[in-house]
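First comes the structure, then the notes that go with it.
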Amino acid sequence: MISLAVFISGSGSNLQSIINKIEDGSIHAEIKVVVSNNPEAYGLKRAEQHNLHSVVLEHTRFADRQAYERELLRIVRDFKTDYVILAGFMRILSPYFIHEFQNRILNIHPALLPSFPGLHAQAQAADYGVKVAGCTVHFVDEKMDHGPILIQAALPVLPSEDGESLGKRILKWEHKIYPQAISWLAQNRVNLEGRKVIVKNAKTFFLGPADDPVLISPGLEEKFF
Ligand code: GRF
């Protein structure tokens, strides 16, 4: 059983997908604490509904980034969490925090990295006119949206689509690949070789149904579909 801290800033739909898969026994993990930098985040309500401990830590109340991250570190250390899961956390973590949790911080990004890092990735992809879009779960390193990639889901972009409609279709697959990635960590099946992430005994790929096409690599397991 691994213990997690989940950092959020908004709706927390990814947090919800992780909670659901922990509660149905698909992930052997415990969420020790949910941290939000935004007191209005709907994800805080989700945490409350599932009796999870949550902490609001508003960055605006701290003198500088390091003071803020010192407090973040204190919280994750106090809760003795193995991994920090960034789920729509809209703050960039500096090397000060990342070094302490080297290879133990995951992020989900709504694009096929290394394309379209940064904000509004779904709109960036739709406006650019790419024909394939998707989402990525990766380890966090010192550069934004850059660390070693654990799993990606790719889907065709429809001709009529804008950033918003594309984003909705991507989000659906975020909710499947993030719990899957965390379950692999919980089963100690994830090895890092430089930038390359090897998931032991994973299928090479998963192909979604013809009416909802998606390609996921490594392969999504049935219980996460
Ligand atoms: C997701 O699209 C995620 O990829 C991005 O922020 C969004 C968070 O959504 N990093 P939610 O708060 O999990 O609903």
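The values are calculated or read from the model by the stated rules, or taken from the named source; none is laboratory data. Because the structure is a prediction, the values reported are computed rather than measured. All Cβ positions, glycine included, derive from the backbone under ideal geometry; neighbour counts span all protein chains shown. The protein model used for the area step is the full one, side chains on, heavy atoms only, and it has no ligands, DNA or RNA in it. Shrake-Rupley method; radii C 1.70, N 1.55, O 1.52, S 1.80 Å.
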*Calculate one ³J(HN,Hα) per residue across segment 26-34 by plugging θ = phi - 60° into the Karplus curve 6.51 cos²θ - 1.76 cosθ + 1.60, and present them in order as whole Hz with x for glycine and proline.*
7, 10, 8, 8, 10, 7, 7, 7, 10
*Calculated [θ] (222 nm, deg cm²/dmol) that DSSP helices of n ≥ 4 give over the chain, each run adding -39,500 (n - 2.57)*: -10000 deg cm²/dmol
_Mean-square fluctuation check for the chain, GNM, Cα pairs under 10 Å: which of ARG74, ARG169, ARG46 is largest?_
ARG74
_Considering only protein heavy atoms and a probe of 1.4 Å, how much of the accessible area of segment 108-225 is carbon and sulfur, as a whole percent?_
56
_Tell me the net charge near ALA29. Cut-off is 15 Å between Cβ atoms, ALA29 excluded, with +1 for each Lys or Arg and -1 for each Asp or Glu._
+2
*If you roll a 1.4 Å probe over the heavy atoms of the protein chains, what accessible area per residue do you get for the chain, in Å²?*
49
*Quick one: how many lysine pairs in the chain have C-alpha atoms under 14 angstrom apart, if they're 8 or more apart or on different chains?*
6
*Within segment 13-56, report the GluC sites (Glu not before Pro) that DSSP leaves as loop and that have at most 13 other Cβ atoms within 10 Å.*
GLU40
*Hey, in the GNM for the chain with a 10 angstrom Cα cutoff, which one of ASN14, ASN107, ASN201 fluctuates hardest?*
ASN201
*asked:* From the phi angles alone, apply the Karplus equation (6.51, -1.76, 1.60; θ = phi - 60°) to segment 61-72 and give each ³J(HN,Hα) in whole Hz, x where the residue is Gly or Pro.
replied: 8, 10, 4, 7, 4, 5, 4, 5, 5, 4, 5, 4
*Would you mind telling me the share, in percent, of accessible area of segment 1-101 contributed by carbon and sulfur at probe 1.4 angstrom?*
47
_Tell me the relative contact order for the chain as a rounded percent, counting alpha carbon contacts under 8 Å between residues six or more apart._
18
*All other residues with a Cβ under 13 Å from the Cβ of GLN102 taken together, and with Lys, Arg as +1 and Asp, Glu as -1, what is their net charge?*
-3
_For a quick check: with amide H placed at 1.01 Å from N, whose amide H comes under 5 Å from ILE105's, ignoring anything fewer than 5 positions away on the same chain?_
VAL84, VAL140
*Place a +1 charge on the Cβ of each Lys and Arg in the chain and a -1 charge on the Cβ of each Asp and Glu, then give the dipole magnitude about the Cα centre in debye, rounded to the nearest 20.*
460
*At 0.36 nm per residue, minus the direct Cα-Cα distance, what do HIS28 and SER94 gain on full extension? Give it in nm, one decimal, please.*
20.8 nm
*asked:* Could you give each residue of segment 103-116 its phi-based ³J(HN,Hα) in whole Hz, using Karplus coefficients 6.51, -1.76, 1.60 with θ = phi - 60°, and x for Gly or Pro?
replied: 6, 10, 10, 10, 9, 10, 10, x, 7, 7, 4, x, 6, 6
*Would you mind checking the tilt of helix 13-23 against the longest principal axis of the Cα atoms of the chain, expressed as 0 to 90 degrees and rounded to 10?*
80
*Most fluctuating residue of GLU193, GLU69, GLU164 in a GNM of the chain with Cα springs under 10 Å: which is it?*
GLU193
